[in-house]
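Visitor: The structure that follows is given in the form of structure tokens.
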Amino acid sequence: LLLLSELACIGWALPPGRDALRSHREMLAAVLRYSAPGDRVMDASGAAVFRQRPYYPLLDSPQAWQAGRRAWSDAVANELVRHATHLVMRQSLPPLSDSFVARNYLPLQGQLYVAGRVLAAAPAGAERPLRLELPGDYTLTDGVKAIPAAMDGEPAATHWHLEAGMHYLQLPGDEPLLLLDSRAWEAGWRPGPA
């Protein structure tokens, strides 16, 4: 009777066929697919074990609270920019860093975010200022296909290496578009319409 009740408890807690680690395995597969070995991936507690982090202090440690969340927040965002980190696990991040991620990254899968921005609709042909906080290689897309456009007065292209700062984009149409990390785009990620 004791053995049967123990087996029933185990079956209730861990039902057969339920894969408790599936989401973690999918996240690790996405990290490997959308990053190269030398790239950095920001996660709060070492979840992306195959890639280095741009910032090493543990964000969920008691020391984080003692040192002050604002200083840690600024440090994380600065390191994301300094290392041009294009993949972020958006969990356990301090508030300022989380707002930086919200402005400069798009949801890829679960808590995994990739560098990118939604560009709101603008009149066709109008030069649109774009303040970029995170340097890197970006592709302009409608979410399904790459869209050629002129950037900073250069001839039309679909992707560019952009430094942080002001850029001027001449959009070809008036629909919303995405400025997306080129590596994720080339690896096959299609987020769908903006």
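The values are calculated or read from the model by the stated rules, or taken from the named source; none is laboratory data. In this text the structure is predicted, and so the values were computed from the model without any measurement. Note that we place each Cβ from the backbone using ideal geometry, even for glycine, and neighbour counts take in every protein chain shown. For accessibility, only protein heavy atoms count, side chains too; no ligands or nucleic acids. Shrake-Rupley method; radii C 1.70, N 1.55, O 1.52, S 1.80 Å.
Visitor: Could you give the semi-axes, largest first, of the ellipsoid that matches segment 81-129, computed as the square roots of 5 times the alpha carbon gyration tensor eigenvalues and rounded to whole Å?
Guide: That gives 25, 12, 10 Å for the three semi-axes.
Visitor: Peptides 31-40, 154-163, 75-84, 16-25: what's the order by average Cβ count within 10 Å, highest mean first?
Guide: Most protected by this proxy first, the peptides run 75-84, 31-40, 154-163, 16-25.
Visitor: Measure off 7 Å from each Cα along the Cα-to-Cβ vector at residue 150 and residue 50, then give the distance between these two points in nanometres to one decimal.
Guide: For the pair residue 150/residue 50, the computed spacing is 4.2 nm.
Visitor: To continue, here is another question. If each Cα of segment 119-194 is one equal point scatterer, what is log10 of I(q)/I(0) from the Debye formula at q = 0.17, 0.27 Å⁻¹?
Guide: -0.58, -1.46
Visitor: Shifting gears a bit: With the other protein chains left in place, how much accessible area per residue, in square angstrom, belongs to the chain at a 1.4 angstrom probe?
Guide: Per-residue accessible area for the chain comes out at 54 Å².
Visitor: In Å, the Kirkwood hydrodynamic radius of segment 70-156 over pairs of distinct alpha carbons?
Guide: Hydrodynamic radius (Kirkwood, Cα only) of segment 70-156 equals 14.5 Å.
Visitor: Separate question: In nm, to one decimal, how far is the residue 81 label point from the residue 8 one, both placed 7 Å along Cα→Cβ?
Guide: Output for this residue pair reads 6.1 nm.
Visitor: Same structure, new question: Using the reciprocal of the averaged 1/r over all distinct C-alpha pairs, how large is the Kirkwood radius of segment 102-141 in Å?
Guide: Over segment 102-141, the inverse of the mean reciprocal pair distance is 11.9 Å.
Visitor: May I ask for the equivalent-ellipsoid semi-axes of the chain, computed as the square root of five times each C-alpha gyration tensor eigenvalue and listed largest first in whole Å?
Guide: Over the Cα atoms of the chain, the ellipsoid semi-axes are 38, 22, 14 Å.
Visitor: Where the accessible area of the chain is counted over protein heavy atoms with a 1.4 Å probe, how much of it, in %, is carbon and sulfur?
Guide: 58 percent
Visitor: Please list 3J(HN,Hα) in residue order for segment 118-131, calculated via the Karplus relation 6.51 cos²θ - 1.76 cosθ + 1.60 where θ = phi - 60°; whole Hz, with x for glycine and proline.
Guide: Computed from phi, the couplings for segment 118-131 are 8, 9, 4, 4, 9, x, 4, x, 6, 7, 10, x, 9, 8 Hz.
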